[in-house]
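Inspection log for the structure reproduced underneath, given as structure tokens.
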């Protein structure tokens, strides 16, 4: 039986698990997953060969693996739905609605105005985005009857 590189990559598995929880819309991006997991494995190897301990090399590899992925638009939307719309959005619909909202042009434009990066949750703009996006989500849900269509 021939084994593939995909089956053997620790960093690929770590990335896919992380994407599933925080960036599910990127799970189908095979090119990104392969490139990022390969770069992480290479970073580990180079760091280790340069004298780093296995733990230090792994930390270096994980920085490469998760670069640009610390802020999750998907998870941010989920948090807003859980915190601000728990009376209207049943828990079993939160994931599905989060993915729909993530594809909405108004939601995307609102998030893009803030240019969230890996340290965004430490910035004052985080709260501003939370407040603005809460209002945008309310309008998008109402104007598109999203809850009715999800419940149907």
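Taken together, the values in this text are just the output of simple stated rules run on the coordinates, not laboratory data. In this text the structure is predicted, and so the values were computed from the model without any measurement. Don't worry about glycine lacking a Cβ; one is built from the backbone with ideal geometry, like all the others, and counts go over all protein chains shown.
In the chain, Cα pairs under 8 Å separated by at least six residues give a relative contact order of 19 percent.
Between residue 49 and residue 75, the FRET efficiency from the beta-carbon distance, with R0 = 25 Å, is close to 0.10.
With respect to the chain, whose longest principal axis is taken over its alpha-carbon atoms, helix 30-49 is tilted by about 40°.
For residue 121 and residue 27 in one chain, what is 0.36 nm times their gap in residues minus the Cα-Cα distance, to one decimal in nm?
That pair, residue 121 and residue 27, stretches by 31.5 nm at full extension.
What is the angle, in °, between the Cα long axis of helix 125-143 and the longest principal axis of the Cα atoms in the chain? Nearest 10 is fine, range 0 to 90. That helix lies at roughly 50 degrees to the long axis. Rg and Dmax of the chain, based on Cα coordinates, read 18.6, 59 Å. Taking 0.36 nm per residue of sequence separation and removing the Cα-Cα distance, the residue 82/residue 114 pair yields an extension gain of 9.4 nm. You can think of it this way: the chain between residue 106 and residue 56 has 13.8 nm of extra reach, that is 0.36 nm per residue less the Cα-Cα gap. Over the chain, DSSP H runs of length four or greater, each weighted -39,500 (n - 2.57), average out per residue to a 222 nm ellipticity of -22000 deg cm²/dmol. Can you tell me the 0 to 90 degree angle between the C-alpha axis of helix 94-103 and the longest principal axis of the chain, rounded to 10? Roughly 90 degrees, rounded to the nearest 10.
Which residue fluctuates the most in the chain, going by a Gaussian network model with Cα springs under 10 Å, if the choices are 133, 19, 49? Top of the fluctuation ranking is 49. Counted over region 5-66 with a bin width of 10 Å, the fraction of Cα pairs per bin, in whole percents, is 25, 51, 20, 3.
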